[in-house]
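The values are calculated or read from the model by the stated rules, or taken from the named source; none is laboratory data. Note that the structure is a prediction, hence the values are computed from the model and not measured. Note that we place each Cβ from the backbone using ideal geometry, even for glycine, and neighbour counts take in every protein chain shown.
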């Protein structure tokens, strides 16, 4: 249990990445598997994870992200996106995946499909979109802990022009919207923020028992 707290105390919002240090394929695979295993409502995973490898594209994104250097200096740049709507075909594909994975009897699969369609398709896109966005933040929490556990730095960013990024990547045409940027890599030895004490509320202030 102590390892969990050691991991969380080790991580911080890295301001300067060392551009010479790169993730190994093994580290990247662990991060991808962690994102794949992240929980979501009904297990529908209404998310898409985009890794941007093109230096030229990352320079463009840097401008959209108010020139934050982490976007280009980190080993990898991850964009966490959510679907803006969920239609019947999306639900059918999810039910089919569940059925194949778990060898679900047809009758039970049909019931699950009916349940999802009743609950999700009755929602308007204006309700579905923020619901899916919240799933992105669940994934982010898992991502940050996973990265800390393998001593990889990750800095979540909301500070970017999402509309411009969506236009740059053509996300609307894919029924997607950008939610978060997350540069992933290794802290620079010159980043003084790593030496600062964490500022957090006390347990007495933060928790309440009823």
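As an exercise: evaluate residue 193 against (1) over 30 Å from residue 87 (Cβ atoms); (2) under 20 Å from the mean Cα position of the chain (by Cα); (3) assigned to a helix (DSSP H, G or I) and give the number of the one condition it does not meet.
That leaves (2) as the condition not met.
May I ask you to say which residue of 147, 182 is part of a strand (DSSP E or B), modelled with pLDDT of 95 or more and within 18 Å of the chain's Cα centre (by Cα)? Break it down into steps so the answer makes sense when it comes.
On the way: 147 fails: part of a strand (DSSP E or B).
Going through 147, 182 in turn, the sole match is 182.
Could you check how many residues of the range 196-210 are outside any loop (DSSP other than H, G, I, E, B) and either closer than 30 Å to residue 23 by Cα or within 28 Å of the chain's Cα centre (by Cα) (or both)?
2
Go through the range 113-128 residue by residue and tally those that are out of contact with any helix residue (DSSP H, G or I) (no Cβ under 6 Å at 6 or more places or on another chain), surrounded by fewer than 18 Cβ atoms within 10 Å (Cβ to Cβ) and in a helix (DSSP H, G or I).
Residues flagged as out of contact with any helix residue (DSSP H, G or I) (no Cβ under 6 Å at 6 or more places or on another chain), surrounded by fewer than 18 Cβ atoms within 10 Å (Cβ to Cβ) and in a helix (DSSP H, G or I) within the range 113-128 amount to 7.
Residue check: is residue 52 touching a strand residue (DSSP E or B) at 6+ places or on another chain (Cβ under 6 Å) and either surrounded by 14 or more Cβ atoms within 10 Å (Cβ to Cβ) or at negative phi (or both)?
Judged against the criteria, residue 52 is a match.
Considering only residues of the range 28-49 that are touching a residue at least 24 places away in the same chain (Cβ under 8 Å) and exposed (fewer than 14 other Cβ atoms within 10 Å of the Cβ), which is nearest to residue 76 (Cα to Cα)?
Out of the qualifying residues, it is 37.
Exactly one condition in (1) in contact with a helix residue (DSSP H, G or I) (Cβ under 9 Å, 6 or more places away or on another chain); (2) within 18 Å of residue 133 (Cα to Cα) is false for residue 95; which is it?
Unmet for residue 95, out of (1) in contact with a helix residue (DSSP H, G or I) (Cβ under 9 Å, 6 or more places away or on another chain); (2) within 18 Å of residue 133 (Cα to Cα): (2).
Of all residues being in a helix (DSSP H, G or I) and in contact with a helix residue (DSSP H, G or I) (Cβ under 7 Å, 6 or more places away or on another chain) in the range 150-176, which is nearest to residue 9 (Cα to Cα)? Just the residue, please.
165
Can you tell which of 105, 156, 130 is without any contact (Cβ under 8 Å) to a residue 40 or more places away in the chain and assigned by TED's automatic domain parsing to the domain that holds residue 20?
Unique residue meeting the criteria: 130.
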